[in-house]
Amino acid sequence: MSRPITAAEFHAAEGVADWRVLTSGACAYFRGTFDQIKHLVTDTADIRPDGITVRLPLTEASIDEARRISARARELGATPEPVRLQHVGLTLDALVSAGVMPFWLAVLGYEPEGDEDVVDPRGQGPGIWFQDMDVPRTDRNRLHIDVSVPHDQAEQRVQQALRAGGTLKDDSHAPSWWVLADAEGNEVCIATWVGR
């Protein structure tokens, strides 16, 4: 098995400029026709009518695989578009995560991943991370969305949300994440790998 690596190690490697690390791993989006992108299909690919998103785990072996996929995409005439990448996850605040996770596993048909996450085994729905609280909170949402974006696009995404009527609730963890809210106080975190 290949050694796990950090996001910083992945991004420091040569030949991976088409790729960005998100919560879901090392990701690349290649725009192209179906005839171009069908040759890039892997077990971790998400095909769309105008392109393909490929996700790889963060391991040493993934660096070589990312280089191989990027080279093949260039040969096929597919264009890398890192701006198209993001990963959406839900975060549920709970006093005792272990007490509520079985409910969510049952109603969603998800599977556990570690002690804090549940994921869709079909790869169709967003994962849920259970965040433990110290005390019950009634003054904030108990469920919020986490949007993981490429590190070089996070601040632009935050600014777009603010121009669209959002408010900045907390930037004390930036550039790892910013907490924003819509006009009614519903929260979302814009997150990157930076600082982790």
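Each value in this text was obtained by applying a stated rule to the coordinates, not by laboratory testing. Every value quoted in this text rests on a predicted model; they were computed, and no experiment measured them. Glycine gets a Cβ as well: all are built from the backbone with ideal geometry, and neighbour counts include every protein chain shown.
Numerical summary
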item: The chain: projected area of the alpha-carbon convex hull, averaged over directions, in nm²; result: 12.5 nm²
item: Rounded tilt (10° steps) of 154-163 against the dominant C-alpha axis of the chain; result: 50 degrees
item: Stokes-Einstein translational diffusion, region 115-196 - Kirkwood Rh over all Cα pairs, 1.306 mPa s, 10 °C, in µm²/s; result: 113 µm²/s
item: Listed peptides 22-28, 3-9, 73-79 by packing density, highest first (mean Cβ within 10 Å); result: 22-28, 73-79, 3-9
item: Rg followed by Dmax, in Å, when region 61-155 is reduced to its Cα trace; result: 17.9, 55
item: Projected label distance in nm at ALA106 and VAL88, using a 7 Å step from Cα toward the beta-carbon; result: 2.7 nm
item: Residue-averaged 222 nm ellipticity for the chain, from DSSP H runs of 4+ at -39500 (n - 2.57), nearest 500; result: -7500 deg cm²/dmol
item: Percent of alpha-carbon pairs separated by more than 11 Å within region 141-185; result: 68 percent
item: Percent of beta bridges antiparallel (DSSP, the chain, rounded to nearest 5); result: 80 percent
item: Per-selection metrics, region 96-149 (Cα): Rg and Dmax in Å; result: 12.0, 35
item: Cβ-derived FRET efficiency at R0 25 Å, ARG48 paired with GLU113, nearest 0.05; result: 0.50
item: Label point distance in nm, ALA17-ASP170, each placed 7 Å from Cα along Cα→Cβ; result: 3.8 nm
item: Degrees separating the helix 97-108 axis from the principal Cα axis of the chain, which is the longest one; result: 60 degrees
item: Segments 146-153, 167-174, 31-38 sorted - mean Cβ within 10 Å per residue, highest first; result: 146-153, 31-38, 167-174
